[in-house]
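Report on one structure; see the data block that follows.
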Amino acid sequence: MTIYIYYLLTVIGIGYFVIQSDLMKKFRMNITIATEAYPWWFMEKIDGVVNCIYCASFWIGLIVAIIIYEEATIHTIFSAFSCMGILYVIHNLFNKK
């Protein structure tokens, strides 16, 4: 259980670093500008990943699961979806509008 919590917090931390940090802002802006200049399907998907915490958490979750658990099974995909789910729950429980 400890490894799973470590995994979740790692994915969420990396996700927020990519999506919201000032250090990655220039990178996100360059991806968005490139997508507008070259509106290819692949570029639109990359733009979505670097600007959406749910999308980013899934793909980051896949990579981190393979690194932490040192295997790629169906559970790797379930772990990545669990990161998306936990972020969804956090956003909806603590959304104070």
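No lab work stands behind these numbers, since they all come straight from the coordinates. Remember, it's a predicted structure, so these values are computed and weren't measured experimentally. Don't worry about glycine lacking a Cβ; one is built from the backbone with ideal geometry, like all the others, and counts go over all protein chains shown.
Gain in length, A37 to F78, computed as 0.36 nm per residue apart minus the alpha-carbon separation, to one decimal in nm? Please list the in-between numbers first.
Values: separation 41, 0.36 × 41 = 14.76 nm, distance 3.50 nm.
Length gained, A37 through F78: 11.3 nm.
What does the charge add up to near Y16, with Lys and Arg as +1, Asp and Glu as -1, over the other residues with Cβ less than 15 Å from its Cβ? Walk me through the intermediate numbers first.
Working: positive: K25, R28; negative: D22.
Here the charged neighbours net out to +1.
What FRET efficiency would be calculated for the residue pair I67, L23, taking the C-beta separation as r and a Förster radius of 22 Å, to the nearest 0.05? It would help to have the intermediate numbers written out before the result.
Working: r = 21 Å, r/R0 = 0.97.
According to the calculation, E is roughly 0.55.
Residue by residue, what Karplus-based ³J(HN,Hα) values in Hz, rounded to whole numbers, does region 45-62 have, using 6.51, -1.76 and 1.60 with θ = phi - 60° and x for Gly and Pro?
Karplus-based 3J(HN,Hα) across region 45-62 equals 5, 5, 4, x, 5, 7, 10, 10, 5, 5, 5, 5, 5, 5, 5, 5, x, 4 Hz.
Find the centroid of the Cα atoms in region 26-51 and in region 2-23, then give the distance between the two in whole Å.
Each part's Cα centre sits 21 Å from the other's.
Please give the calculated 222 nm ellipticity per residue for the chain, where each DSSP H segment of at least 4 residues contributes -39500 (n - 2.57) and the sum is spread over every residue; nearest 500 deg cm²/dmol? List each step's numbers first, then the result.
Details: 5 runs with 80 residues, N = 97.
Calculated from helices alone, the mean residue ellipticity at 222 nm is -27500 deg cm²/dmol.
How far, in degrees from 0 to 90, does helix 2-20 lean away from the longest principal axis of the Cα atoms of the chain, to the nearest 10?
So the inclination is approximately 10 degrees.
Using only Cα atoms and rounding to the nearest 10 degrees, what angle (0 to 90) does helix 74-93 make with the longest principal axis of the chain?
The answer is roughly 70 degrees.
Could you tell me which label, among (1) 72; (2) 57; (3) 64, carries the value of percent of Cα pairs over 15 Å apart calculated for this structure?
Calculated percent of Cα pairs over 15 Å apart: the matching label is (3).
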